[in-house]
């Protein structure tokens, strides 16, 4: 199968094979998604000078090395293309070409011909994290220096003669200088910034300790003293930078969900000019009153009203409404809505800045800035830690100077106090636990975007669920198909195959288990927003909306379910009831959360009947339907104002601001890019029990973080008196500091052993898994 896949990808033949599933689909299906126009690609490209331009295209259908070869070969055949390089891990291709007066080549069209959809994406998403790069370089320099200085120190401790000892001290000073100057600058800048604003942070005692230890060691080297402490200053930097680097990685990616939301809008739109000509206009240049042409498969760029055409539109990403809507002349459509069936002409009612997507972006930015004010445990500890350490070291210096009059001894003891109280253990407590927790969840198919969510998760007391795509799969299924007569179901299934409506797909899937309809239809026609009509001899069958299919439709089985009717010559002969399939694990998760004492609610943009049906199935008492994105955010802010800590679980574009506003947020991998970007956790697969694993791991991680802080505090309580008493040299202080860090790391590794001992209300009251 793999060989067939590669062959099909290379040849671009009649079938485009999925490398992952091995399922053959028609080439037209593989490339049916809307590709970008040449003008849109030109707007997304950037000028490299000397006539060269470069663009980055997303290729969601690329799966294997054969796909790479096919794409690069097709692009290199286009005149003017100088480079085409595919990155399989990111599923993107970088194209560099020499621009001419003929405009931008049709890259998307060339790729569509061989079965690959292409969409412009941003170069900013590929930009490196400058802070992470700086931390890694500083860590490498400090590690190199500390390692080599420690080797020299072992020789000195082993009893080297005075001349050799002095030479090794000089070499150690040369090795320590780049580490102290280059690696330490990260702490010095932070410390200076804090001091210049009249406050202190953890980096102040770190900076003072490192610089004093280095300066004292240089002085002792010049004086040919028997002991110096270059190893203490460099190893201190290495351990602290390791913790700082891990902490930066755990704080989540710098990319904002608001930025991802802005990228959802098209680069522009085809606009009908006054003379009747059609031109592609960039999104910022669209103004109210312009007539926009939105083809099938395109998203609406700005808010508008339909002035020509009829179609089906998918509003699920915008409003959460699971059913497709009928759009006709006079229908108001928001930006971000997907046009499904036929081309529409819209009269723009808002500019890009005033559209629905722009409003969503502003809401997202406001919500993200609100969450960023959360103060982590380590940050709160730093506010108390720095003044205490400075005070103790200063008192030690003054006391020993007063008692002995020996400035060198007083400074040595003060340095020992600073080093032994250095917040290495505190700096490692949080990131080490988070690293182990992230790995544990990754092994279970769960991605962590923000490490601080582990701390916030343990404070949650209210859980809000979106419905469509979260509690449900967003896939309509036929209810009680077994109660229908097989011959009637076979007729309905045969008609349903002529439509792509979700209800038709559900009927066709249910009809696959019965004997196929043996007759033939003389004519089949689909009426947008109504249903399907089929003629077979003297019989006229209609399948669709009850009021259209039959003059006297029978009562529906349940008001909470959507229904379709099959009629023959105007008389209803069958009623089909539909409901959205629940996600696997939904019932077990709701039971688990409720047994843990958490308040569970549903907030959805779908209609009241659909939401009430799901709420009843899951025994959720509180729910809200037909909510706008802003109303979901208002609901979260109301709960937050009442002192509640909210966990939001959602997937759609309309959930983005709510996910960003919540105390903690979780989204499935099937969520929109905006939903995933706004979430703290993203779980793969369909089973909602992944949320249970997140809650349990978060509870355990929070407990271990607090234990690690306890170990660090206990270490300081025991060791600081010895340092003040002059019983600890800076070298011994560095060794003790390293041992405390090892203890914190060992405590963090306990998380990998399991999740026993999680929050008592979850462990003791965990319900048995529900059946069905």
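None of the figures in this text is laboratory data; all of them are computed from the coordinates on show. Computed from a prediction, not measured in an experiment: that's the story for all the values here. Every residue, glycine as well, gets a Cβ built from its backbone with ideal geometry; the counts of neighbours run over all protein chains shown.
Annotations for the structure displayed:
- Compactness of region 266-354 - radius of gyration and Dmax, Cα, Å: 12.0, 40
- Square roots of 5 times each gyration tensor eigenvalue, C-alpha, region 481-521, largest first, Å: 15, 13, 7
- Normalised radius of gyration (Cα atoms, divided by 2.2 N^0.38 Å) for region 150-240: 1.20.
- Cβ-derived FRET efficiency at R0 30 Å, residue 714 paired with residue 407, nearest 0.05: 0.40
- Contour minus Cα-Cα distance for residue 706 and residue 524 (0.36 nm per residue): 58.7 nm
- Spatial extent of region 430-580: Rg and Dmax, with the Cα atoms as the point set, Å: 22.9, 76
- Note on residue 140/residue 735: beta-carbon distance plugged into 1/(1 + (r/R0)^6) with R0 of 25 Å gives a FRET efficiency of 0.60.
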